[in-house]
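What follows is a short report on a single structure.
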Amino acid sequence: MDSTIGSQLQTCKPSNGMLGNPAQNGATILDSNAPPSVVVADATLGRHLARRLVEIGVKDVFSVPGDFNLTLLDHHIAEPGLKNIGCCNELNAGYAADGYARSRGVGACVVTFTVGGLSIINAIAGAYSENLPVICIVGGPNTNDYGTNRILHHTIGLSDFSQELRCFQTVTCYQAVVNNLEDAHEQIDRAISTSLKESKPVYISISCNLPAIPHPTFTREPIPFSLSPRSSNKMGLEAAVEAAATFLNKAVKPVIIGGPKLRVAKACEAFVELADACGYPIGVMPSAKGLVPEHHSRFIGTYWGAVSTSFCAEIVESADAYLFVGPIFNDYSSVGYSLLVKKEKAIVVQPDRVVIANGPAFGCVLMKDFLQALAKKVNRNPTAFENYQRIFIPDGVPNKSEPKEPLRVNIMFQHVQKMLSSSTAVIAETGDSWFNCQKLKLPEGCGYEFQMQYGSIGWSVGATLGYAQSVPDKRVISCIGDGSFQVTAQDVSTMLRCEQKSIIFLINNGGYTIEVEIHDGPYNVIKNWDYTGLVEAIPMVKETAGQKRFAMKKS
């Protein structure tokens with residue numbers, strides 16, 4: 001991540017600035033953008049929510065307007081530290097908030113009731129699967145409509161307004177329905193703090209008639225937002241470290257492999273600290289690419305079973321002890337559960353739990369604390385890495401393309417590799433791009449993101465928009481297949497509108513290549529577009545009549 005939100009929300013990637021300051025009592029106060037004293041005219045729910053978003057590090061909110069959220073959007077636009085990014089559809093707004101959260105540590109989106117909420121819910125489910133704190137805000141029904149048995153538009157025709165809430169309950173860690181002003185302050189703060197603590201999305205529904213109403217709750221400058229730090233059980237931590245060190249120090253050729261939960265545990269720096277101390281070869285699970293430094297002197301590649309990078313699987317699977325840090329062993333990452341690793345040789349470290357071989361298990365032990373303490377106890381053992389050096393053969397260079405020869409994928413990615421630096425980031429779309437981008441060698445500081453757990457095609461277009469908006473100093477390079485691109489292509493126009501400098505490599509395979517490899521059929525063929533013509537159809541033109549009208553109204 002490129003920015004951190006206080007000491008409790010420190011991130012896995014190099015930061016470009018601290019957004020929080022430690023409080024004297026050990027809590028984290030997120031007050032770098034603390035708003036000025038509130039005047040009565042601004043003492044509204046809408047402005048309070050906008051200020052809270054700024055306070056936790058959100059500078060851009062991704063939205064689609066609808067009649068239930070228009071007043072709320074007015075208050076977001078009026079907040080000096082917050083920019084509204086209008087998206088072409090709700091799904092992309094959610095994907096953009098997902099991409100934004102990956103780099104800034106938290107993201108936010110605003111949609112309208114039911115038609116907007118149920119449209120964005122797929123993106124929120126993806127953020128949930130990837131442990132991303134996304135604040136999903138929905139403009140809800142007027143408070144005067146509750147309990148009236150009325151049927152509202154944008155619903156399925158029932159007087160029960162809870163359908164959207166019930167849907168979101170399965171893909172968010174907290175839900176707040178704000179339909180009165182008395183406890184709105186508490187509901188909003190609890191939702192935001194829960195999202196940050198759990199590193200999961202939350203749902204906030206705000207009745208459409210409330211954002212602009214002044215209320216005494218909001219007349220004072222808000223109390224600085226704070227999060228109490230989590231800590232390990234001291235005795236449990238000591239026992240876990242002692243047991244792990246004993247296990248690893250007996251091994252002849254141990255290895256260490258980083259997994260995707262390094263992000264949610266905020267433990268990437270602690271992982272490197274342990275790697276430096278132990279001398280083991282360092283591998284990374286495919287879903288954690290970008291979280292483990294590939295420029296490290298003992299990095300051996302991606303461990304992905306039969307499709308691992310060259311010689312990585314041989315070293316991992318021949319080890320007599322492996323330390324998996326933050327793994328997710330699903331059918332994707334385990335290549336259909338075919339990994340040749342044995343439980344009795346493994347230590348598995350999760351964000352708040354450590355399991356050693358077939359037992360024992362230690363709960364209430366935070367990953368960061370465990371890795372830092374283990375680094376002081378483990379013996380240095382470079383044996384497995386020395387074995388890797390003996391068998392390693394550098395990758396070959398693809399044959400050059402002949403004039404007028406069709407462009408090959410390996411040639412294209414050779415050029416992509418040369419573009420990577422500390423000022424770039426890679427977004428890999430679900431499918432064929434997963435495998436090709438896994439082969440890229442990331443230089444220090446180069447970002448990398450993809451959605452392996454949920455694997456929703458089309459995710460990368462919105463994620464590129466959100467990620468690029470959060471890190472304007474980086475150039476985002478996205479690799480997207482034509483099938484995925486056609487799902488969410490509209491928001492390329494939003495990238496142009498925001499004057500982003502991203503590069504999209506659109507890999508035109510004439511359909512869903514990854515599905516062809518699994519099971520071919522006529523349903524995997526799609527209509528070929530004139531993709532360059534599509535982009536030319538959305539040029540940077542002069543402002544529209546609507547934009548002129550709004551500018552005149554503001555002045």
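Scanning for something more than 23 Å from residue 297 (Cβ to Cβ) and modelled with pLDDT of 95 or more, does the range 439-447 turn up at least one residue? Scanning the range 439-447 turns up no residue that is more than 23 Å from residue 297 (Cβ to Cβ) and modelled with pLDDT of 95 or more. The set of residues from the range 262-279 being open to solvent by less than 30 Å² (accessible area, probe 1.4 Å) and of a type outside the set (D, E, K, R) comprises 262, 265, 267, 268, 270, 271, 274, 275, 278, 279. Return a yes/no flag: does the range 232-252 have any residue that is touching a helix residue (DSSP H, G or I) at 6+ places or on another chain (Cβ under 9 Å) and at pLDDT below 95. Scanning the range 232-252 turns up no residue that is touching a helix residue (DSSP H, G or I) at 6+ places or on another chain (Cβ under 9 Å) and at pLDDT below 95.
Within the group 186, 164, 198, 182, which residue is assigned by the TED database to the domain that holds residue 93, among the charged types (D, E, K, R) and closer than 17 Å to residue 93 by Cβ? Can you show your working first?
Details: 186 fails: closer than 17 Å to residue 93 by Cβ; 198 fails: closer than 17 Å to residue 93 by Cβ; 182 fails: closer than 17 Å to residue 93 by Cβ.
Testing whether each residue is assigned by the TED database to the domain that holds residue 93, among the charged types (D, E, K, R) and closer than 17 Å to residue 93 by Cβ leaves just 164.
Please tell me if residue 265 is without any contact (Cβ under 8 Å) to a residue 40 or more places away in the chain and out of contact with any Phe, Trp or Tyr (no Cβ under 6 Å at 6 or more places or on another chain).
no
Restricting the first member to the range 384-412 and to residues that are touching a residue at least 12 places away in the same chain (Cβ under 8 Å), and the second to residues that are of a type in the set (Lys, Arg), the beta-carbon pairs closer than 6 Å and six or more apart or on different chains are 384/253; 385/298. On inspection, residue 231 fails the criterion of being surrounded by 15 or more Cβ atoms within 10 Å (Cβ to Cβ), hydroxyl-bearing (Ser, Thr, Tyr) and touching a Leu at 6+ places or on another chain (Cβ under 9 Å).
Could you tell me which residue of the range 111-147 is nearest to residue 95 (Cα to Cα), considering only residues that are open to solvent by 50 Å² or more (accessible area, probe 1.4 Å) and modelled with pLDDT under 90?
Taking the range 111-147 and keeping what is open to solvent by 50 Å² or more (accessible area, probe 1.4 Å), we get 115, 118, 122, 128, 144, 146-147.
From what's left, modelled with pLDDT under 90: 144, 146-147.
Working: 144: 33, 146: 31, 147: 34 Å.
That would be 146.
Of 511, 481, 521, 447, all but one fail to be open to solvent by less than 20 Å² (accessible area, probe 1.4 Å), out of contact with any His (no Cβ under 7 Å at 6 or more places or on another chain), closer than 24 Å to residue 418 by Cβ and free of Cβ contacts under 8 Å to residues at least 60 places away in the same chain; the exception is 481.
Residues that are among the aliphatic types (A, V, I, L, M), touching a strand residue (DSSP E or B) at 6+ places or on another chain (Cβ under 9 Å) and closer than 19 Å to residue 203 by Cα, at least 3 per element: which strands (runs of 3 or more DSSP E) completely within the range 71-177 meet that? Lay out the reasoning, then the answer.
Working: elements: 83-86, 107-112, 134-140.
Correct list: 107-112, 134-140.
Open to solvent by 50 Å² or more (accessible area, probe 1.4 Å), of a type in the set (D, E, K, R) and under 25 Å from the mean Cα position of the chain (by Cα): is that true of residue 527 in this structure? Steps first, answer last, please.
Values: open to solvent by 50 Å² or more (accessible area, probe 1.4 Å): yes; of a type in the set (D, E, K, R): yes; under 25 Å from the mean Cα position of the chain (by Cα): no.
When the stated conditions are applied, residue 527 does not pass them.
Scanning the range 240-255 for residues that are open to solvent by less than 10 Å² (accessible area, probe 1.4 Å) and among the small types (Gly, Ala, Ser) returns 240, 244, 245. Among the numbered conditions (1) open to solvent by less than 20 Å² (accessible area, probe 1.4 Å); (2) of a type in the set (Gly, Ala, Ser); (3) outside any helix (DSSP H, G or I), the only one that residue 191 does not meet is (3).
Applying a threshold of 9 Å to beta carbon distances and a minimum spacing of six or more residues, or different chains, the list of pairs starting in the range 202-217 at a residue that is more than 25 Å from residue 115 (Cα to Cα) and at pLDDT below 95 and ending at one that is open to solvent by less than 10 Å² (accessible area, probe 1.4 Å) and part of a loop (DSSP other than H, G, I, E, B) reads 214/43; 215/43; 216/43; 217/43.
Can you tell me which residue in the range 316-339 is nearest to residue 359 (Cα to Cα), limited to those that are surrounded by fewer than 23 Cβ atoms within 10 Å (Cβ to Cβ) and over 29 Å from the mean Cα position of the chain (by Cα)? Top of the filtered list is 320.
For the range 46-65, name all the residues that are assigned to a loop (DSSP other than H, G, I, E, B) and open to solvent by less than 10 Å² (accessible area, probe 1.4 Å).
56, 57, 58, listed by residue number.
Quick grid of which residues meet (1) touching a residue at least 40 places away in the same chain (Cβ under 8 Å); (2) more than 15 Å from the chain's Cα centre (by Cα); (3) over 17 Å from residue 123 (Cβ atoms); (4) surrounded by fewer than 24 Cβ atoms within 10 Å (Cβ to Cβ):
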residue	(1), (2), (3), (4)
453	yes, no, no, yes
464	yes, no, no, no
487	no, yes, no, yes
490	yes, yes, no, yes
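The values are calculated or read from the model by the stated rules, or taken from the named source; none is laboratory data. All of these numbers come straight from a predicted model, not from anything done at the bench. Cβ: placed from backbone, ideal geometry, glycine included. Neighbour counts: every protein chain shown. Note: areas computed on protein heavy atoms with side chains; ligands, DNA, RNA excluded. Shrake-Rupley method; radii C 1.70, N 1.55, O 1.52, S 1.80 Å.
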